[in-house]
Amino acid sequence: MAVLVIAPNERPDIWASYLRELAPELDIRIWPDTGDPDKIIYAVAWNPPAGILASFTNLKIIFSLGAGVDHLFKDPDFPTEVTISRVIDPYLTAGMREYVLLHVLKYHKNQPELDKQQRKHIWNSRENERLQSDERNIGILGLGILGTDCAKSLSALNFNVKGWSRSMKVIPGITCLTGLSGLNHLLNSSSILICLLPLTKDTEGILNFSLFSKLPKGAYLINAARGNHLIEKDLITCLDSGQLTHATLDVFRKEPLPKEHIFWDHDKITVTPHNASITDPRTVVYQILENIQRHLDAKPISNTVDIKNGY
Ligand code: GLV
């Protein structure tokens, strides 16, 4: 019985060394040094090359090294009978909370405009009409663990928060919405829109011209979910027309963002390199090892993914 770490660009050696340190009795291997493929029962994976997972016929559980699992489903040969457990980690949640609060507050305090003024040596302390936090409406697309935490944190700062999700949620202090009418209601009032949706066939391309056009003029966008949620040319159109004032993007259709991509130098776009929040091996290995033990004891696995829903 062996555990295979398949995370080609994510320092698999670090994951393997934490696993070996905490569970010296386990046979931990790093792809592509797989050894006998029939021995592989557990895979610890991030962006595995297509077709690899299907080649392990005794594979029982895949531990996704991120909250999102779309990196697994893009493999056309993904073995759908295998259980997936994804990371649910307080540090990952905290990292996303910090990122969202940082950029929401930056927008709320009009920092992009103040940055421009500084570059022109302009001292204008009344640069715009300023909203109080309880006058600011913020919309969050996606009320999973990360979206719910961000919604509560923003609400604790007195912002008016609406959240939208596929299934109806009840979160104290948050207006929870669902369906197309719920989405339109959220969009009509949100001057800051945050995307924390899972990437599925229903949400791919959701950040498009039609959606942006429903926001109040001059709204702000924060996308910390997946690059494929966004129709890139629609964002540029809406930034250029003033329908959107500024966008903060942590995720891109192609990562790393190609050097020549228009987003890098657009003065209304802030680019961060998919590091809004990063899975921390120091905490996540415990979750993986606990789940391996649960599997060995024939107990239910925690944080499993519903393959049908895609998250
Ligand atoms: C990162 O993008 C994650 O899914 O955790």
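Couple of notes before you dig in:
- If you go through the stretch 1-43 and keep only what is under 14 Å from Ser55 (Cα atoms) and aromatic (Phe, Trp, Tyr), you end up with Trp31, Tyr42.
- One residue from His108, His71 being touching a residue at least 12 places away in the same chain (Cβ under 8 Å), more than 16 Å from the ligand (Cβ to nearest atom) and touching a strand residue (DSSP E or B) at 6+ places or on another chain (Cβ under 8 Å): His108
- Test set (1) in a strand (DSSP E or B); (2) touching a His at 6+ places or on another chain (Cβ under 9 Å) - Leu193 fails condition number: (2)
- Test: Ala45 is modelled with pLDDT of 95 or more, of a type in the set (A, V, I, L, M), within 19 Å of Thr283 (Cα to Cα) and within 16 Å of the ligand (Cβ to nearest atom): yes
- Test: residue in the stretch 18-39 that is over 25 Å from Asp280 (Cβ atoms) and surrounded by 15 or more Cβ atoms within 10 Å (Cβ to Cβ): yes
- Sole residue being in a loop (DSSP other than H, G, I, E, B), within 30 Å of Leu289 (Cβ to Cβ) and within 15 Å of the ligand (Cβ to nearest atom), chosen from Ile84, Ile88: Ile88
- Within the stretch 290-311, the set of residues being farther than 25 Å from Pro24 by Cα and part of a loop (DSSP other than H, G, I, E, B) comprises Val305, Asp306, Ile307, Lys308, Asn309, Gly310, Tyr311.
- Count of residues meeting criterion [buried (at least 17 other Cβ atoms within 10 Å of the Cβ), within 26 Å of Ala298 (Cβ to Cβ) and either small (Gly, Ala, Ser) or more than 16 Å from the ligand (Cβ to nearest atom) (or both)] in the stretch 48-68: 5
- Beta carbons closer than 6 Å, at least 6 apart along the sequence or on distinct chains, pair a first residue in the stretch 243-263 that is more than 19 Å from Val104 (Cβ to Cβ) with a second that is among the small types (Gly, Ala, Ser) and not in a loop (DSSP other than H, G, I, E, B) for Phe252/Gly227; Arg253/Gly227.
- Unmet criterion (only one of (1) surrounded by 16 or more Cβ atoms within 10 Å (Cβ to Cβ); (2) away from the ligand (no atom under 16 Å from the Cβ)) for Ser133: (1)
- Residue among Asp250, Asp240, Asp202 that alone is surrounded by fewer than 16 Cβ atoms within 10 Å (Cβ to Cβ) and under 16 Å from Thr270 (Cα atoms): Asp240
- Test for Asn9: is it of a type outside the set (Val, Ile, Thr), in contact with a helix residue (DSSP H, G or I) (Cβ under 6 Å, 6 or more places away or on another chain), surrounded by fewer than 18 Cβ atoms within 10 Å (Cβ to Cβ) and free of Cβ contacts under 8 Å to residues at least 60 places away in the same chain: no
- Qualifying residue in the stretch 267-281 (condition: crowded, with 20+ Cβ neighbours inside 10 Å, modelled with pLDDT of 95 or more and assigned to a loop (DSSP other than H, G, I, E, B)): yes
- Some residue of the stretch 220-239 being closer than 20 Å to Lys106 by Cα, hydroxyl-bearing (Ser, Thr, Tyr) and either over 15 Å from the mean Cα position of the chain (by Cα) or part of a strand (DSSP E or B) (or both): yes
- When Leu154 is tested against the conditions (1) buried (at least 21 other Cβ atoms within 10 Å of the Cβ); (2) closer than 21 Å to His229 by Cα, the lone failure is (2).
- Within the stretch 6-42, the set of residues being on the phi > 0 side of the Ramachandran plot and either modelled with pLDDT under 95 or part of a strand (DSSP E or B) (or both) comprises just one member, Arg11.
- Qualifying residue in the stretch 7-29 (condition: under 30 Å from Leu143 (Cβ atoms) and of a type in the set (Phe, Trp, Tyr)): yes
The values are calculated or read from the model by the stated rules, or taken from the named source; none is laboratory data. As the structure is a computational prediction, the values presented were derived from the model and not from experiment. Quick reminder, even Gly has a Cβ in these numbers, built from the backbone with ideal geometry, and neighbours come from all protein chains shown.
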